[in-house]
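To keep things clear, I will list the structure first and then write my remarks on it.
The values are calculated or read from the model by the stated rules, or taken from the named source; none is laboratory data. Keep in mind that what you see is a predicted model, and the values were worked out from it rather than measured. Neighbour counts are summed over all protein chains in view; Cβ atoms, including those assigned to glycine, are modelled from backbone coordinates with ideal geometry. Ligands, DNA and RNA are excluded from the accessible area calculation, which covers all protein heavy atoms including side chains. Shrake-Rupley method; radii C 1.70, N 1.55, O 1.52, S 1.80 Å.
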2 protein chains.
Amino acid sequence: MTVALDITADPVELTAALVDVPSVSREEAELADAVESALRRQAPHLETIRSGNAVLARTSLGRPSRVVFAGHLDTVPVNQNLPLHRTDGVLHGLGTVDMKGGVAVMLHLAATVTDPSHDLTFVFYDCEEIDFASNGLTRIERELRDWMTGDLAIVCEPSNAVVEAGCQGTMRVEIRAKGVRAHTARGWMGENAIHALERPLRALAEYHPRTVEIDGCLYREGLQAVSVSGGVAGNVVPDEAVLVVNHRFAPDRSPAEAEAHLREVFGDLTVLDYAAGALPGLATPAAQRMVEAAGGTPVAKLGWTDVSRFAALGIPAINFGPGDPTLAHTQQENVRESEIRRCAQVLTRFVSA
Amino acid sequence: MTVALDITADPVELTAALVDVPSVSREEAELADAVESALRRQAPHLETIRSGNAVLARTSLGRPSRVVFAGHLDTVPVNQNLPLHRTDGVLHGLGTVDMKGGVAVMLHLAATVTDPSHDLTFVFYDCEEIDFASNGLTRIERELRDWMTGDLAIVCEPSNAVVEAGCQGTMRVEIRAKGVRAHTARGWMGENAIHALERPLRALAEYHPRTVEIDGCLYREGLQAVSVSGGVAGNVVPDEAVLVVNHRFAPDRSPAEAEAHLREVFGDLTVLDYAAGALPGLATPAAQRMVEAAGGTPVAKLGWTDVSRFAALGIPAINFGPGDPTLAHTQQENVRESEIRRCAQVLTRFVSA
């Protein structure tokens, strides 16, 4: 039996109702059913379709611009943090911050703004918390590309209810030190590959990451070792040691430029994987109006989000949603009711203007 | 059927015969049978006993001093290096250098020196190439202690047919760097434990190992990282990293002194394991006579051998045997026939003097 959601009423109560429908990645069917059913009954002005455990809805009013809202329905695994509980003005529990507060705001807009000034598309998708290939947006981008098209994308991931614009790129590289194996009793006959890691570790210690300002947003880069390994046996000078470094780079650099920079820092290396950053794109008219609606100063998104995916499609994209992103994936995640209401108000004003 | 060995004839031919009786650790029974049978038939002047896959033989002539010879019967695993093959003046194959050349020399002495100037004990033992607890000498020390007693012990491990005296100690320590976990997108909120390994790695790079002279032997110390590990995930600033270092120290230092030294170098650390070194003990009369018989200058033993075990029992102990110890455990191990003959001659002269 499908859970009945009231998507026309208070977005705070809607958040609470969404949290109490568990939706760990790959197990979003019940929540997707509830969202689909609510949109079909309570937002008949929208065209609503289903794609796997994703639900998509949109207006087609011939407005001069289109805004795409995106939010994932899934959560990380349950960690003794369900069902929802409340303290004064705060909702606690799995998914409160990542990102059922944002989903509630989207559903509220979908149901209540029946005469928007932009055409609106709402994408509620699955499997964002697992691998890129499983991410529902990957499937939607492949099969339903026109549902991702627009003049501005707003991904309602938690952003403390301020505009977070663009995001940094990420690249992991492997630095492999070579040596010559020998018995440690005759260490001078060998060449210790672990000792050779001193050079890249010194480079890390001496590294001064850039802080880059783009469209008024500050991007604070980082360079962090994330793995080190080496060793043959307790009495052997090792001939190989491997350091893996994760670089977070501002979106003024392409992945190729970031790689060239890392080669300047470390010399020879192998790129393991990367994801491009996304420029904030706040210079476009739709983005400017959204920034004005939100008030305050836009800030740079720190992590990588699906904002990058829209940016790669040439669509200016921002994060704007209730809650502190640093609480995401923690057992203690929670969201303030006031931020949910503020996001709903800001976005209602923006799409009604 | 027991293999027949002629232990009275040429020690080079005897080495060849021993090599062609495979005797990987724990599988020494056939070779032990052959050695026991040969000693009983061809060296009736000796008291011969069996202990597991070890064979022990000795004179009891009431001489004023006793020399104990020790050699292990086992080899490391076969590595496409059996059966024996010969090139001009060289025997090639598993066990040629480690240490059937030395065992052949011992059997030759046992059979041919029937009227020695010292009482003689010969210990042919098992499982030296595996763990300390399985080592046949550990059992013999426990159950047949008087068979290890004497005024000088000569372990016939390969030593290039020169006297190698004493041996270095070895100690493994663990240096654990701590940090604070964080997402790499917000690296400044964490503290990278892998980065903190720069300090001990710099200490290793700047370390100048001592070379210590004792009784004319030079002991060259060493300090080598043998293992490094750390890392949580590709996007996490790691909160722990571990470096393991192996220190080889000259026998003028006790393990406690070596540990104190390492604490000066690295600060906080944990000792994982250690084995004390052995002083060369060349000042004793029996050792002096052996050094004279061998001619040349004694050198320090680099690796750890069962010499240390005798030293711990208060018995001066040296290595003296045919072959290059750096070839031990390599697929290409080999021994020069001339070194086998030289060792047999030197030792015959020493025990007959």
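Put simply, of A:Thr326, A:Thr348 the only residue that is closer than 20 Å to A:Pro11 by Cα and of a type in the set (Ser, Thr, Tyr) is A:Thr348.
Looking across the stretch A:189-209, the residues that are more than 7 Å from every other protein chain (Cβ to nearest Cβ) and either without any contact (Cβ under 8 Å) to a residue 60 or more places away in the chain or among the basic types (Lys, Arg) (or both) come down to A:Met189, A:Gly190, A:Glu191, A:Ala193, A:Ala196, A:Arg199, A:Glu206, A:Tyr207, A:His208, A:Pro209. Condition check: within 14 Å of chain B (Cβ to nearest Cβ), in a loop (DSSP other than H, G, I, E, B) and open to solvent by less than 10 Å² (accessible area, probe 1.4 Å). Does A:Ala161 satisfy that? For A:Ala161, the condition - within 14 Å of chain B (Cβ to nearest Cβ), in a loop (DSSP other than H, G, I, E, B) and open to solvent by less than 10 Å² (accessible area, probe 1.4 Å) - is not met. Looking across B:Ala205, B:Ala165, one residue alone is farther than 30 Å from A:Leu327 by Cα and out of contact with any Leu (no Cβ under 9 Å at 6 or more places or on another chain). It is B:Ala205.
Out of B:Val180, B:Val212, B:Val237, B:Val226, I need the residue that is farther than 23 Å from A:Arg181 by Cβ, at the interface with chain A (Cβ under 9 Å from one of its Cβ atoms) and among the aliphatic types (A, V, I, L, M). Which one? First the steps, then the outcome.
Numbers: B:Val180 fails: at the interface with chain A (Cβ under 9 Å from one of its Cβ atoms); B:Val212 fails: at the interface with chain A (Cβ under 9 Å from one of its Cβ atoms); B:Val226 fails: farther than 23 Å from A:Arg181 by Cβ.
On inspection, the qualifying residue turns out to be B:Val237.
Taking the stretch A:58-106 as the search range and keeping residues that are of a type in the set (Val, Ile, Thr) and assigned to a strand (DSSP E or B), which one is most open to solvent (accessible area, probe 1.4 Å)?
Keep residues of the stretch A:58-106 that are of a type in the set (Val, Ile, Thr), which gives A:59, A:67-68, A:75-76, A:78, A:87, A:90, A:96-97, A:103, A:105.
Still in the list and also assigned to a strand (DSSP E or B): A:67-68, A:75, A:87, A:90.
Details: A:Val67: 1, A:Val68: 1, A:Thr75: 3, A:Thr87: 69, A:Val90: 25 Å².
The residue in question is A:Thr87.
Say we look at the stretch B:34-57 and pick out the residues that are in a helix (DSSP H, G or I) and in contact with a strand residue (DSSP E or B) (Cβ under 9 Å, 6 or more places away or on another chain); which of these is surrounded by the fewest Cβ atoms within 10 Å (Cβ to Cβ)? So that I can check it myself, show each step before the final result.
Taking the stretch B:34-57 first, the residues in a helix (DSSP H, G or I) are B:34-42.
With in contact with a strand residue (DSSP E or B) (Cβ under 9 Å, 6 or more places away or on another chain) added as a condition, the list becomes B:35-36, B:39-40.
Details: B:Val35: 31, B:Glu36: 20, B:Leu39: 25, B:Arg40: 14.
Within the stretch B:34-57, the match that is surrounded by the fewest Cβ atoms within 10 Å (Cβ to Cβ) is B:Arg40.
Checking each residue in the stretch A:1-15 for being assigned to a helix (DSSP H, G or I) and surrounded by fewer than 20 Cβ atoms within 10 Å (Cβ to Cβ) picks out only A:Glu13. Selection within the stretch B:179-193: residues that are assigned to a strand (DSSP E or B) and at pLDDT below 95. The member of this set that is farthest from A:Leu327 (Cα to Cα) is B:Val180. Among the strands (runs of 3 or more DSSP E) confined to the stretch A:255-353, the ones with at least 1 residues that are buried (at least 20 other Cβ atoms within 10 Å of the Cβ) are located at A:299-301, A:317-319, A:334-336.
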